Amino acid sequence: STPIRIGIAGYGNLGRGVEAALAKNPDMTLVGIFSRRPPESLAALDPAAPVFAMDALGERTGDIDVLMLCGGSKSDLPEQGPALAARFNTVDSFDTHARIPEYFDAVDAPARAGGKTALISAGWDPGMFSINRAYGEALLPDGATYTFWGRGLSQGHSDAIRRVPGVAAGVQYTIPSQEAIDRVRSGERPELSTRDKHTRECFVVLEPGADADEVRAAIVGMPNYFADYDTTVEFISDEALRRDHDAMPHGGFVIRSGNTTDAQAQVIEYRLALESNPEFTASVLVAYARAVHRLNQQGRTGAVTVLDVPPGLLSPKTPAQLRAELL
Ligand SMILES: NC(=O)C1=CN([C@@H]2O[C@H](COP(=O)(O)OP(=O)(O)OC[C@H]3O[C@@H](n4cnc5c(N)ncnc54)[C@H](OP(=O)(O)O)[C@@H]3O)[C@@H](O)[C@H]2O)C=CC1
Ligand SMILES: N[C@@H](C[C@H]1CC(C(=O)O)=NO1)C(=O)O
């Protein structure tokens, strides 16, 4: 069958991860990379397909089956998501959790009007962890659900600090509270606040002349990203950032601790251990691109989330193969 034609919109860590993931999925082909930066400035990244200016998307609606939106959630996707969903089937990883309902609505209207399918908030959290939180609640109604991340580099939070005026570069690590994890694993089922579960550590390179106190205040007080956490900000040189902080490991787990009867405790756990957060996230996005292409062919238009997508649509295998091999 004809390969699914993929475009990448936004060429950062995630965009490059999608490029790598497509090489592992022979039923898909990369037709172009679209960036707000001048194409020639990206040559050093050795792109696997031609690079175009973002505006060139205007005349590509006919040869892209699914457009992968790899921009940042803090300020790129809120503008790019609704605009591009009007003209393309899209997949994105929008992860400002508190704003997902409004983002869903903002994408749904143009996608429906354009007869397109827009999968928002794919990835691992939101994404695979969302699915496992939903499973846990449905399968064990009497119980409690906990999500822990890290220690690892959050791409969403790193993107968010890079957007703060005065920040030249930066990364953010998420650290889970071992005490909180131990209490959950002991079966205690404690009430834990956002602040009880994780702390956040930022390493920031300042732009020349930027005020460190202003930058720190803008980060630690940032709603939806840092305001609800104990956050530290350390200012380092660009050399130190490149030397000590160029890996992007992450991971975590969702645990549902419940009872089917008072006497019988049951535990469900889903865990990720990622050497590369962006490459894994991109691999999830690419599997969902296959599902979005199929959903659009089935006439399912508008915005959808991973909770709306039947798992079989993610697989390159036919339903008959899945029944024979995986049931
Ligand atoms: N749901 C989930 O589980 C996950 C979600 N995410 C989401 O993915 C988003 C993107 O993450 P990530 O790819 O790491 O973000 P990046 O900062 O690497 O890229 C974001 C955008 O910034 C631009 N950009 C990238 N590098 C540069 C540069 N050197 N100079 C100028 N602009 C640049 C690119 O746009 P352009 O090419 O147009 O210039 C790119 O699309 C995150 O904000 C996060 O929300 C990430 C991981 C997991
Ligand atoms: N969306 C996250 C994926 C996970 C990691 C995370 C965190 O460290 O706060 N929350 O969700 C990311 O951008 O890496």
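Please determine, by comparing only the residues of segment 230-271 that are part of a strand (DSSP E or B) and of a type in the set (Asp, Glu), which one is nearest to Thr199 (Cα to Cα).
Selected residue: Asp230.
The one condition from (1) buried (at least 20 other Cβ atoms within 10 Å of the Cβ); (2) assigned to a loop (DSSP other than H, G, I, E, B) that Phe280 does not meet is (2).
The residue that is nearest to the chain's Cα centre (by Cα), counting only those in segment 148-174 that are away from ligand 1 (no atom under 12 Å from the Cβ) and either surrounded by fewer than 18 Cβ atoms within 10 Å (Cβ to Cβ) or charged (D, E, K, R) (or both), is Arg151.
Can you tell me which residues in segment 175-192 are over 23 Å from the mean Cα position of the chain (by Cα) and in contact (Cβ under 8 Å) with a residue 24 or more places away in the chain? Hits for segment 175-192 are Ala180, Ile181, Val184, Arg185, Gly187, Arg189, Leu192.
When you scan segment 51-59, do you find a residue that is more than 15 Å from ligand 1 (Cβ to nearest atom) and closer than 23 Å to Glu279 by Cα, even just one? No, because not a single residue in segment 51-59 is more than 15 Å from ligand 1 (Cβ to nearest atom) and closer than 23 Å to Glu279 by Cα. Number of residues in segment 9-29 that are more than 9 Å from ligand 1 (Cβ to nearest atom) and within 24 Å of Glu79 (Cβ to Cβ): the value is 2.
Does Ala265 fit the bill of being among the small types (Gly, Ala, Ser), on the phi < 0 side of the Ramachandran plot and within 16 Å of the chain's Cα centre (by Cα)? So Ala265 does not fit the description; no. If you go through segment 141-156 one residue at a time, do you hit one that is more than 16 Å from ligand 2 (Cβ to nearest atom), modelled with pLDDT of 95 or more and not in a loop (DSSP other than H, G, I, E, B)? Yes: segment 141-156 contains one or more residues that are more than 16 Å from ligand 2 (Cβ to nearest atom), modelled with pLDDT of 95 or more and not in a loop (DSSP other than H, G, I, E, B).
Would you confirm whether any residue within segment 78-90 is within 14 Å of ligand 2 (Cβ to nearest atom) and either polar (S, T, N, Q) or surrounded by 23 or more Cβ atoms within 10 Å (Cβ to Cβ) (or both)? Scanning segment 78-90, I find no residue that is within 14 Å of ligand 2 (Cβ to nearest atom) and either polar (S, T, N, Q) or surrounded by 23 or more Cβ atoms within 10 Å (Cβ to Cβ) (or both), so the answer is no.
Just the residues that are among the hydroxyl-bearing types (Ser, Thr, Tyr) and outside any strand (DSSP E or B), please, taken from segment 87-97. Ser93, Thr96 - these are the residues of segment 87-97 that are among the hydroxyl-bearing types (Ser, Thr, Tyr) and outside any strand (DSSP E or B). Here the strands (runs of 3 or more DSSP E) wholly within segment 12-86 that include at least 1 residues being among the polar types (S, T, N, Q) are 28-35.
The values are calculated or read from the model by the stated rules, or taken from the named source; none is laboratory data. All values reported here derive from a predicted model rather than from experimental measurement. Neighbour counts run over all protein chains shown; Cβ positions are idealised from the backbone, glycine included.
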